[in-house]
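Data block below; observations after.
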Amino acid sequence: MKYSNSIKPVSYLKTHASEVLRNVCNNRETMIITHHGEAKVIVQDIHVYEQTQESLALLKMLAQSSASIDREEYKPLGDAFDAVKKRIAKKQVP
């Protein structure tokens, strides 16, 4: 997406708030609002925002996993499954 068409001054947001919300929500567009010629805020559809946050969380988990592998802080798969099975068995004992 090209953001150059979605950059508007705060005065535009003030006078066209309903239109901005409608465009952002219906078209899943992101709008950049400027103040004194400097980008200050982003107006974004909530679903796009949530999707972005989920993607960032997944990327963070991947980075953490990669770092753990680099530090050799991991268990072989069989050991991990065995540990989970033991924890489940402990909880099932009356």
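Regarding M61, is this residue in contact with a helix residue (DSSP H, G or I) (Cβ under 6 Å, 6 or more places away or on another chain) and hydrophobic (A, V, I, L, M, F, W, C)?
When the stated conditions are applied, M61 does not pass them.
Of all residues in segment 39-81, which are open to solvent by less than 100 Å² (accessible area, probe 1.4 Å) and touching a residue at least 24 places away in the same chain (Cβ under 8 Å)?
Correct list: A39, V43.
Taking A67 as meeting all but one of (1) over 16 Å from the mean Cα position of the chain (by Cα); (2) in a helix (DSSP H, G or I); (3) under 26 Å from L13 (Cβ atoms); (4) of a type in the set (A, V, I, L, M), write down the number of the exception.
Here A67 clears every test but (3).
Considering segment 8-38 alone, what residues qualify as being more than 22 Å from the chain's Cα centre (by Cα) and part of a strand (DSSP E or B)?
K8, P9, T34, H35, E38
Look at segment 50-64 and say how many of its residues are over 30 Å from E29 (Cα atoms) and under 8 Å from the mean Cα position of the chain (by Cα).
So the answer is 0.
For a quick check of your reading of the model, give me the residue pairs whose first member lies in segment 1-23 and is under 19 Å from G37 (Cβ atoms), whose second is open to solvent by 100 Å² or more (accessible area, probe 1.4 Å), with beta-carbon atoms closer than 8 Å and at least 6 apart or on different chains.
Hits for this filter: V10/K40.
Inside segment 1-38, can you point out the residues that are surrounded by 11 or more Cβ atoms within 10 Å (Cβ to Cβ) and in contact with a Ser or Thr (Cβ under 8 Å, 6 or more places away or on another chain)?
Y3, S6, I7, K8, P9, V10, V24, E29, T30, M31, I32
The values are calculated or read from the model by the stated rules, or taken from the named source; none is laboratory data. Note that the structure is a prediction, hence the values are computed from the model and not measured. In this analysis, Cβ positions are derived from the backbone assuming ideal geometry, glycine residues included, and neighbour counts consider all displayed protein chains. These area figures cover heavy atoms from the full protein model, side chains too; ligands, DNA and RNA do not enter into them. Shrake-Rupley method; radii C 1.70, N 1.55, O 1.52, S 1.80 Å.
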